[in-house]
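Everything on this sheet refers to the single structure shown next.
The values are calculated or read from the model by the stated rules, or taken from the named source; none is laboratory data. Computed from a predicted structure; not experimentally measured. For neighbour counting, all protein chains shown are included, and Cβ atoms are generated from backbone atoms with ideal geometry for every residue, glycine included.
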Amino acid sequence: MKAYFYCRVAHDDSFSLERQAEELRRYAEQAGYTIVGIAAEHGSGMTLDRPALQEVMEAVLAGKVDVVLISSLDRIGRDWGMTKQYIALLTEHKVKLHCVQERMIIDSDDFLPLEEFCAMPSERCKEQGMCCQVR
């Protein structure tokens, strides 16, 4: 599978961006994914109008991506309605979203557990109302 990474921090913190990218790289290597791109940025999660997020979507629209890897769902956005909008664009193009920390895969409007890592829903998933065990 062709994987594109998306990393975001709210403030200028290159170390945190590097840490996110390294976490995603390890995950991709373990999963046997081919890394086709990495988009990283500093910016607010209150809008989808961000250059690196648009870079990912351009690759999706061009058919270059099978899966978008993120460290956490809140890297896409802080507003659930807005985040769902972005997820809908991905799933419309048959692209999966893997959220490593929440241990979930989102594809075709379905939440699937990463069974090799997830025996129970994470507390973070429960707090955000996005449990990977819920269909």
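Among the residues of region 46-80, those that are touching a strand residue (DSSP E or B) at 6+ places or on another chain (Cβ under 8 Å) and of a type in the set (A, V, I, L, M, F, W, C) comprise Ala52, Leu53, Val56, Ala59, Val60, Val65, Val67, Val68, Leu69, Ile70, Leu73, Ile76. Taken over region 42-69, the residue count meeting the criterion of being among the acidic types (Asp, Glu) and at pLDDT below 95 is 1. Quick check on Asp12: is it among the charged types (D, E, K, R), modelled with pLDDT under 90 and touching a strand residue (DSSP E or B) at 6+ places or on another chain (Cβ under 9 Å)? Here the answer is yes, as Asp12 does meet what is asked.
Taken together, the residues in region 70-95 that are surrounded by fewer than 15 Cβ atoms within 10 Å (Cβ to Cβ), assigned to a loop (DSSP other than H, G, I, E, B) and at pLDDT 90 or above amount to 2.
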